[in-house]
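**Q** Handing you this structure, nothing more for now.
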Amino acid sequence: MLIERLFRPLACGLANALESGLKGLLPTRLQTVTSEDRRLATLLLCSIVIAELAVLVAALIFWRMGLDETARYVLLFFPVQAFIAALLYVNVSPRLCGHLLIIVFFLAVIWGHGADSGYGVLSAIVVPLAATVILGSRAGLAWTAIVALWCVGLWFWLADDDGHSNGVVAATAILSTLIGLGAWMMESTRVIAVSRAGRSLAAQQQAEAELQGLLDTTFPAHGHALGGVLTRVSPGVQALLGWEDEDLLGGELKTLLHPDDQHLFAVLQAADCGGGFRRELRLRHLSGQWVWSEVSGVRAPRTTGPTAGSRWLFVARNVEIERKSRDQLERARRLEGVGVMAAGLAHDFNNLIMVLRGFAELLPPSRERESILAAASEAGDLFASLLAFGRQDAETPDAIDLRAHILKWVNMLQRLLGGGIRLEMDLPEDPVWCAIPDSQLNQVLLNLVINAKHAMPRGGFLQIRLATLEVAQTTAGQQFLRAGQYASLAVIDDGVGMSGEVLAQALDPFFTTRAATAGSGLGLASVHSIVTALEGSVKLESTPGAGTSVLIHLPIVHGGESQQSRANPGNVQMTSMREVGGPLDATAADQAGKSERTR
């Protein structure tokens with residue numbers, strides 16, 4: 001056991017070094033063929049090197065023993081074997097060169113057995129073994145038969161008085177046959193094992209390729225980490241975060257995490273997570289922004305060594321759209337609850353107003369009676385707004401030309417904004433038809449304009465822009481719309497703007513940045529409720545100190561021209577306007593005042 005422990009590593013090291021060196025000496029054509037041909041050429045070259053060394057050692061021994069002539073005969077095999085090695089470099093088949101080398105070995109046996117002794121023939125037992133090792137099982141069987149037949153022939157040529165030489169020849173035949181058959185069995189077993197291993201390796205590589213393809217398709221962004229340091233990342237990471245591979249490899253994973261998420265990652269790293277974890281984390285983009293991503297991690301099996309249990313496989317995917325969808329769903333649920341409550345209150349409130357209106361109409365004509373009826377009428381308008389917010393308004397949407405309707409409200413909007421705010425209209429030349437009730441469109445316009453006015457206490461610039469756009473099927477999901485044509489109504493101001501925290505809650509009901517007595521927080525919430533009920537969308541963009549942009553998308557309806565008499569009463573000039581202004585219509589002003597008081 002001690003000798004094996006000492007010499008086995010040394011022998012294996014020498015064999016590996018010899019094989020590696022000989023592979024480097026192979027011709028270029030033999031380095032690009034199949035693995036079996038490369039193996040055959042390498043074994044053949046190795047056998048030639050060993051045979052050449054054996055020839056030199058044998059010649060030296062014979063020379064020291066004084067057998068100079070025998071030494072010269074032995075040295076004749078040196079150039080012959082070198083010639084066989086040279087044949088490998090002139091495009092001769094390695095298998096043919098192998099058979100030539102076995103022939104040389106066999107000729108050496110024939111020459112060395114002697115004319116009157118049978119002991120030299122014992123070396124023939126090496127021929128089947130060498131043929132099997134170098135050329136394979138079939139060649140080994142063939143050379144076993146050749147050696148056995150040669151021994152049978154020698155049986156009749158060699159004769160001693162006591163039959164001693166014939167016994168050696170018979171033993172050689174038997175041993176050669178047994179060695180050849182044994183080598184054939186071992187070589188056949190090796191070939192079968194190599195074939196099975198090759199098929200298993202091919203199946204494993206195919207399975208790994210399929211799993212890698214599934215991983216790349218499902219989670220394009222993935223990577224490995226060792227001890228918290230990234231060791232490999234996929235090309236999908238660049239698409240997700242913008243970083244190049246060389247910027248990430250060798251860096252700590254925690255540098256990509258948001259400061260508020262690093263403590264969670266530390267807990268996950270320290271704990272034994274079993275099958276892994278899946279969390280939504282913020283990852284740092286190359287631009288400096290934070291990208292919400294769903295990160296899943298699996299810890300590699302524990303191994304020995306200093307890095308035991310610290311190897312992780314991570315996958316990540318962008319969940320920004322999913323988070324927005326969840327936020328919209330949550331907001332819709334809150335709005336639904338508030339809407340149900342508002343509708344219920346509105347019905348009860350309307351019943352009380354009807355009682356007040358009925359008793360007021362029984363009073364004799366007077367200023368007090370008119371004041372009561374006016375207050376009841378104003379309460380009725382508030383009742384209609386609450387029903388619209390609660391999505392229980394029974395009003396049927398008509399096809400309205402948004403362009404004509406906005407032009408009808410131009411003078412009132414300019415008067416509502418006051419002299420310190422410049423109003424600009426950017427409207428198309430052609431009508432834009434949408435299915436929306438008049439009262440709801442008025443409520444949308446008034447709420448947006450009043451909000452813009454409060455955002456510009458020192459005056460400024462307000463633009464109302466109307467256009468049409470086509471939402472493709474590929475981008476409809478990202479905009480939370482169906483594919484088709486939409487009217488794009490934008491109200492843009494250069495006021496104080498909103499911070500990110502305020503912008504995230506701007507559409508929530510009862511959320512307001514004004515004083516408690518200055519607004520109810522239902523303005524933008526009612527706009528969102530009306531637009532989404534019509535299968536549209538509302539998008540807010542704002543920068544502190546640079547203003548706010550409210551973008552509304554409403555589905556375009558066709559065949560609305562038949563409704564033009566209702567949607568565009570009177571003689572409204574149908575032209576694109578840049579700067580507008582003028583006297584305020586009394587009725588419109590009264591509606592604006594009511595809307596501003598209820599905001």
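**Q** Starting from segment 182-200, keep only residues that are open to solvent by less than 90 Å² (accessible area, probe 1.4 Å), then list their pairs with residues that are outside any helix (DSSP H, G or I) whose Cβ atoms are within a distance under 9 Å, requiring at least 6 positions of separation or different chains.
**A** What qualifies is Glu187/Gly136; Val191/Gly136.
**Q** Kindly indicate whether any position in segment 50-63 is at pLDDT below 80, under 20 Å from Leu107 (Cβ atoms) and touching a Ser or Thr at 6+ places or on another chain (Cβ under 7 Å).
**A** yes
**Q** While we're on this one: Among the candidates Leu462, Leu441, single out the residue that is open to solvent by less than 10 Å² (accessible area, probe 1.4 Å), of a type outside the set (Gly, Ala, Ser) and assigned to a strand (DSSP E or B). Give the steps one after another, and end with the answer.
**A** Numbers: Leu441 fails: assigned to a strand (DSSP E or B).
On inspection, the qualifying residue turns out to be Leu462.
**Q** Please go through segment 484-511 and give me each residue that is part of a loop (DSSP other than H, G, I, E, B) and modelled with pLDDT of 80 or more, ordered by number.
**A** Selection gives Asp494, Gly495, Val496, Gly497, Met498, Ser499.
Rundown of residues vs (1) within 55 Å of the chain's Cα centre (by Cα); (2) farther than 27 Å from Glu187 by Cα; (3) of a type outside the set (Asp, Glu), yes/no style:
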position	(1), (2), (3)
Leu43	yes, no, yes
Glu52	no, no, no
Phe78	no, yes, yes
Phe83	no, yes, yes
Leu88	yes, no, yes
Leu101	no, no, yes
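**Q** Can you tell me how many residues in segment 261-289 are open to solvent by less than 90 Å² (accessible area, probe 1.4 Å) and either assigned to a loop (DSSP other than H, G, I, E, B) or modelled with pLDDT of 80 or more (or both)?
**A** Total meeting the criteria: 14.
**Q** Now for a separate question. Looking only at segment 211-242, count how many residues are open to solvent by less than 40 Å² (accessible area, probe 1.4 Å), more than 14 Å from the chain's Cα centre (by Cα) and touching a residue at least 24 places away in the same chain (Cβ under 8 Å).
**A** 2
**Q** Moving on to the next point. Taking Gly297 as meeting all but one of (1) surrounded by 13 or more Cβ atoms within 10 Å (Cβ to Cβ); (2) modelled with pLDDT under 80, write down the number of the exception.
**A** (2)
**Q** Would you confirm, using the coordinates I've provided, whether Ala467 is modelled with pLDDT of 80 or more, open to solvent by less than 50 Å² (accessible area, probe 1.4 Å) and under 40 Å from the mean Cα position of the chain (by Cα)?
**A** Yes.
**Q** If you take just the helices (runs of 4 or more DSSP H) that sit entirely in segment 57-149, which of them hold at least 2 residues that are open to solvent by 70 Å² or more (accessible area, probe 1.4 Å) and within 28 Å of Ala171 (Cβ to Cβ)?
**A** 94-112, 126-135
The values are calculated or read from the model by the stated rules, or taken from the named source; none is laboratory data. These numbers were taken from a predicted model, which means no experiment stands behind them. No Cβ is skipped: glycine too gets one built from the backbone with ideal geometry, and neighbour counts run over all protein chains shown. Calculation scope for accessible area: heavy atoms of the full protein, side chains included, ligands and nucleic acids excluded. Shrake-Rupley method; radii C 1.70, N 1.55, O 1.52, S 1.80 Å.
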